[in-house]
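The values are calculated or read from the model by the stated rules, or taken from the named source; none is laboratory data. Please read these numbers as outputs of a predicted model, since none were measured by experiment. A quick note on method: Cβ atoms are made from the backbone with ideal geometry, for glycine too, and the neighbour counts reach across all protein chains shown. Keep in mind that these areas ignore ligands, DNA and RNA; they rest on the heavy atoms of the full protein, side chains included. Shrake-Rupley method; radii C 1.70, N 1.55, O 1.52, S 1.80 Å.
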Amino acid sequence: MIKKSVYELLKSDGLLPQEVQVKGWVRTFRSNRFIALNDGSTIHNIQCVIDFESTTEETLKRINTGAAIAIKGNLTESQGKGQTVEIQVSEIEILGDSNPDAYPIQPKKHSLEFLRENAHLRVRTNTFSAIMRVRSKLSFAVHQYFQENGFNYVHTPIITGTDAEGAGEMFRVTNFKDNEAPVNEEGEIDFTKDFFGKETNLTVSGQLEAETFAMALGKAYTFGPTFRAENSNTTRHLAEFWMIEPEVAFMDLEGNMDLAEDFIKCVLKSILKSCKDDLAFLDQRLTQEEKSKPQAERSDMSLIEKLRFVADNNFKRISYTEAIDILRNSKPNKKKKFQFPIHEWGADLQSEHERFLVEKHFKCPLILFDYPADIKAFYMRLNEDGKTVRAMDVLFPGIGEIVGGAQREERYDVLVEKMKKMNIDEKELWWYLDLRKFGTAVHSGFGLGFERLVQFTTGMNNIRDVIPFPRTPQNADF
Ligand code: 4AD
Ligand code: MG
C-alpha cells in the first residue's frame, strides 16, 4: 500500500484503482459518508467515501471537522461531481479528536479579524494555507533568483549597535534586570556594563553589513528578519518583518533600478508557474471581496491579471522632481483632497501621494528616483546638484512603497560630512567608513519588504494576514 499526500493522490488518475494510505485533517463530513480530507499539500481536498461495514457508530461520531485521521482504501475514479478521484475507505483510524463544539475553525466563512485571533489555527483554512504556501514558494524564488545570478547569501547580524536607517526606531537588546541598570557619572545608563559592553538593538536593516560583503564578493544579498519600533498601525507596517537586501559592487543607480525590476518580475513569473492552484483560489477570493466594494473602488483586473501585468510590462521611471510637479497639479491636490497637500519641492511623499501616482496617474508600477537629500538616509550618494541623492523607491498598486534603495555614497569626505550633518556617530560606524578608505567603488543596493511582496502576490489587503504570527504594537501573541 502506498502512502501519499493529497496532492499526489489527486494527480494520480490513470493508475487506478490503487490501494492507498493517507493522513490529514477532516475539513467537512457530510451525510455520514463523505469526508473532505486535507493534509496541507494542496488547496484541494480528497473525498473519502466511507463504507459502513468497516466503520463503527463510535468512529463515525469522532469524524469531526479538525480531527486528524488516517485512511486506508482504494483510490478510484470518482462517481460524484467536483472531483476526479476519491478514496473508497476500507479502514479509518482517528489519530486526534477535535471537539466540534470547541473547535474555532468551523466549515463556514470566518472574518479575517477572527482568524487573526486564532493565528495558530488559521493556517488550516483554505485562504491561509494558500497564502502560506505562496509565501514559502516566494522565498524559494527569491533565493533562486539571486543564486542563479551570482549573488552570495549573507547572514547579517540580528543584534547590532547601529541604526542603519538613522530613524531611531529600534528595539533595545539588554541584559540589565528590572530597575538594575547601572548609571554613569552623568546619570545615564552605563551600557559598558551591559552584555555587549555597549548599547545594542535589533537590526532595522542588514544593508550596512551587506555592503562589506558586496565590496569583497561583488554581489551579496540578505534575506532575514528586521525590526522597527515604529508605532504604525497600518495595513502595511509590521514591527517584525522580513527584508531582502541585495548589494552590488560597481553598479550605479540605473543598474539598481534594472535589478529591482528584473528581480520582481522574475519572482512573480516563477509564482505564476509554481502556485497555479493557490493563485486561482486567491484570485476567486479577491474577486468575491471586490464585489462588496463600491463600483468606483473595484479593481478592473483580477489578481492573476495584475500579476501578469506587472511581470510583463515595464515599470515607469520618473524623478522625484517630476513626481512633485504631477502631484502639485493633480486634481486631488487642487481640490484639497490630500490629507497632506503638496505645496513645494522637498515635501516627503505620503502613501496617499504614492498611491495616486501609481493607481490613478500612471496605472503601473513606478520607480521614483533622485529624492531630496534631506528626507533620505545618510548613506545615499549626493548628486552634483548638491540637494538630491541617488535614491529610488519602487511603488506598487495597492501597496505603495515596496522597495527602497540607493546608490551608496562611496566618497569618504562626502560621507563623513553628511554623517556630521545628520548627527551620526562616526566612531560607531568606523568599519563602514573603512570601506570608503580601502578600495572604495560605486555600489548600490535596495531593500524589498518581503511581506509587502506577499501581500501583492496574494491580493491580501492587510499585512498581518501574510506573515504567520504578526508582531504589531500591543500584539505579540503566539
Ligand atoms: O525603505 P527602507 O526603510 O530601506 C532600508 O531599510 C534600506 N536599508 C534598504 C536597502 O537599501 N538595503 O525599507 C525597505 C523596504 C520598504 O520599501 C518596505 O517594503 C519594507 O522594507 N518595510 C516594511 N515592511 C513592513 N513593515 C514595516 N514596518 C516596514 N518598513 C519598511
Ligand atoms: Mg523607504
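Table: residues versus (1) open to solvent by 20 Å² or more (accessible area, probe 1.4 Å); (2) farther than 29 Å from THR440 by Cβ; (3) part of a loop (DSSP other than H, G, I, E, B); (4) more than 16 Å from ligand 1 (Cβ to nearest atom).
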position	(1), (2), (3), (4)
MET170	yes, no, yes, no
GLU185	yes, yes, yes, yes
GLU211	no, no, no, no
MET215	yes, no, no, no
PRO225	yes, yes, no, no
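In summary, TRP430 fulfils each of the numbered conditions (1) within 20 Å of the chain's Cα centre (by Cα); (2) more than 14 Å from ligand 2 (Cβ to nearest atom) with the single exception of condition (1). Taken together, the residues in region 187-199 that are closer than 22 Å to TRP431 by Cα and open to solvent by 40 Å² or more (accessible area, probe 1.4 Å) amount to 5. Each residue in region 193-209 was checked for being within 27 Å of PHE378 (Cα to Cα), part of a helix (DSSP H, G or I) and more than 16 Å from ligand 1 (Cβ to nearest atom), and 0 of them qualify. Of note, ILE69 satisfies the criterion of being in contact with a Phe, Trp or Tyr (Cβ under 8 Å, 6 or more places away or on another chain), of a type in the set (Val, Ile, Thr), surrounded by 16 or more Cβ atoms within 10 Å (Cβ to Cβ) and more than 22 Å from ALA130 (Cβ to Cβ).
The set of residues in region 345-380 that are open to solvent by 30 Å² or more (accessible area, probe 1.4 Å), in contact (Cβ under 8 Å) with a residue 40 or more places away in the chain and farther than 13 Å from ARG317 by Cα comprises SER351, ARG355. Summed over region 242-267, residues that are assigned to a strand (DSSP E or B), open to solvent by less than 30 Å² (accessible area, probe 1.4 Å) and of a type in the set (A, V, I, L, M, F, W, C) total 4. Can you find, within region 397-420, the residue that is nearest to the chain's Cα centre (by Cα) among those that are assigned to a strand (DSSP E or B) and within 13 Å of ligand 2 (Cβ to nearest atom)? Looking at the filtered set, the residue picked out is ILE402. Of all residues in region 205-216, those that are within 16 Å of ALA406 (Cβ to Cβ) and in contact (Cβ under 8 Å) with a residue 60 or more places away in the chain have Cβ atoms under 7 Å from Cβ atoms of residues that are open to solvent by 40 Å² or more (accessible area, probe 1.4 Å) and charged (D, E, K, R), 6 or more apart or on another chain, in SER205/GLU165.
For region 291-301, the criterion of being assigned to a helix (DSSP H, G or I), out of contact with any Cys (no Cβ under 7 Å at 6 or more places or on another chain) and of a type in the set (Gly, Ala, Ser) is met by at least one residue. Checked against (1) modelled with pLDDT of 95 or more; (2) farther than 23 Å from ALA280 by Cβ; (3) out of contact with any Leu (no Cβ under 7 Å at 6 or more places or on another chain), GLU57 meets all criteria but (1).
Being outside any helix (DSSP H, G or I) and touching a residue at least 60 places away in the same chain (Cβ under 8 Å) is true of PRO107. Looking at region 400-407, can you tell me whether even one residue there is under 29 Å from MET301 (Cβ atoms), of a type in the set (Asp, Glu) and touching a residue at least 12 places away in the same chain (Cβ under 8 Å)? Yes, because at least one residue in region 400-407 is under 29 Å from MET301 (Cβ atoms), of a type in the set (Asp, Glu) and touching a residue at least 12 places away in the same chain (Cβ under 8 Å).
When region 401-420 is filtered for residues that are under 14 Å from LEU368 (Cβ atoms) and out of contact with any helix residue (DSSP H, G or I) (no Cβ under 9 Å at 6 or more places or on another chain), only GLY404 remains. The set of residues in region 434-448 that are assigned to a helix (DSSP H, G or I) and touching a helix residue (DSSP H, G or I) at 6+ places or on another chain (Cβ under 7 Å) comprises LEU435, ARG436, LYS437.
Picking from SER78, SER98, SER111, which residue would you name as being hydroxyl-bearing (Ser, Thr, Tyr) and open to solvent by less than 20 Å² (accessible area, probe 1.4 Å)? When all the criteria are applied, what remains is SER98.
Beta carbons closer than 9 Å, at least 6 apart along the sequence or on distinct chains, pair a first residue in region 465-476 that is of a type in the set (Lys, Arg) with a second that is open to solvent by 40 Å² or more (accessible area, probe 1.4 Å) for ARG471/GLU240.
Taken as a whole, the structure places PHE340 among residues that are touching a helix residue (DSSP H, G or I) at 6+ places or on another chain (Cβ under 8 Å) and open to solvent by 40 Å² or more (accessible area, probe 1.4 Å). Scanning region 372-396 for residues that are within 13 Å of ligand 2 (Cβ to nearest atom) and more than 30 Å from VAL466 (Cα to Cα) yields TYR379, MET380, VAL389. Considering each residue of region 388-413, count those that are surrounded by 13 or more Cβ atoms within 10 Å (Cβ to Cβ), out of contact with any Asp or Glu (no Cβ under 6 Å at 6 or more places or on another chain) and at pLDDT 95 or above, and give that number. Qualifying residue count, region 388-413: 15. Each residue in region 328-385 was checked for being basic (Lys, Arg) and part of a loop (DSSP other than H, G, I, E, B), and 6 of them qualify. Reported count of residues in region 386-396, each being part of a loop (DSSP other than H, G, I, E, B) and either within 15 Å of ligand 1 (Cβ to nearest atom) or under 18 Å from LYS306 (Cβ atoms) (or both), is 0.
The residues listed here are ILE467, ILE424; of these, the one that is in a loop (DSSP other than H, G, I, E, B), within 16 Å of ligand 1 (Cβ to nearest atom) and more than 22 Å from the chain's Cα centre (by Cα) is ILE424.
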